[in-house]
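Take a look at the structure below.
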């Protein structure tokens with residue numbers, strides 16, 4: 001079941017994000033010891049699960065299952081950080097902080113930002129396929 005506003009994208013349009021705008025590629029390549037194919041494979045694996053992860057977060061928030069939502073967001077924050085997707089990592093951190101502080105009424109705004117950045121990460125992946 002797709003997340004509202006996010007389509008499963010494959011190689012194609014890059015509207016909304018470029019690889020270098022969504023992933024700090026210099027940093028990621030250092031982590032991959034300069035292996036571009038490894039970095040590309042990691043981004044591909046991450047983005048292949050991103051739709052499902054965002055959908056699970058959305059469902060948890062809708063069900064008011066704050067603990068599960070916080071756990072899913074925490075995991076996404078770590079994955080995004082490992083891949084140098086700093087903007088997405090920051091959005092996940094903001095949502096996680098909001099949930100952890102009991103400010104659930106603010107969660108929708110933080111989630112909308114996270115979902116928008118996830119969409120840009122998917123677009124950036126599509127752009128990487130076209131290089």
Qualifying position, being over 14 Å from the mean Cα position of the chain (by Cα), surrounded by 15 or more Cβ atoms within 10 Å (Cβ to Cβ) and either over 17 Å from residue 65 (Cα atoms) or at pLDDT below 95 (or both), among 90, 102, 127: 127
Condition met for residue 65 (out of contact with any helix residue (DSSP H, G or I) (no Cβ under 7 Å at 6 or more places or on another chain) and modelled with pLDDT of 95 or more): yes
Subset tally (residues that are farther than 17 Å from residue 108 by Cα and either surrounded by fewer than 20 Cβ atoms within 10 Å (Cβ to Cβ) or at pLDDT below 95 (or both)) for the stretch 49-62: 3
Residues that are under 11 Å from the mean Cα position of the chain (by Cα) and either part of a helix (DSSP H, G or I) or within 15 Å of residue 103 (Cα to Cα) (or both), drawn from the stretch 56-87: 73, 75, 76, 77, 78, 79, 80, 81, 86, 87
Residues (surrounded by 13 or more Cβ atoms within 10 Å (Cβ to Cβ), under 24 Å from residue 116 (Cβ atoms) and without any contact (Cβ under 8 Å) to a residue 24 or more places away in the chain) located in the stretch 20-48: 39, 48
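The values are calculated or read from the model by the stated rules, or taken from the named source; none is laboratory data. These numbers were taken from a predicted model, which means no experiment stands behind them. Backbone-built Cβ (ideal geometry, glycine too); neighbour counts: all protein chains shown.
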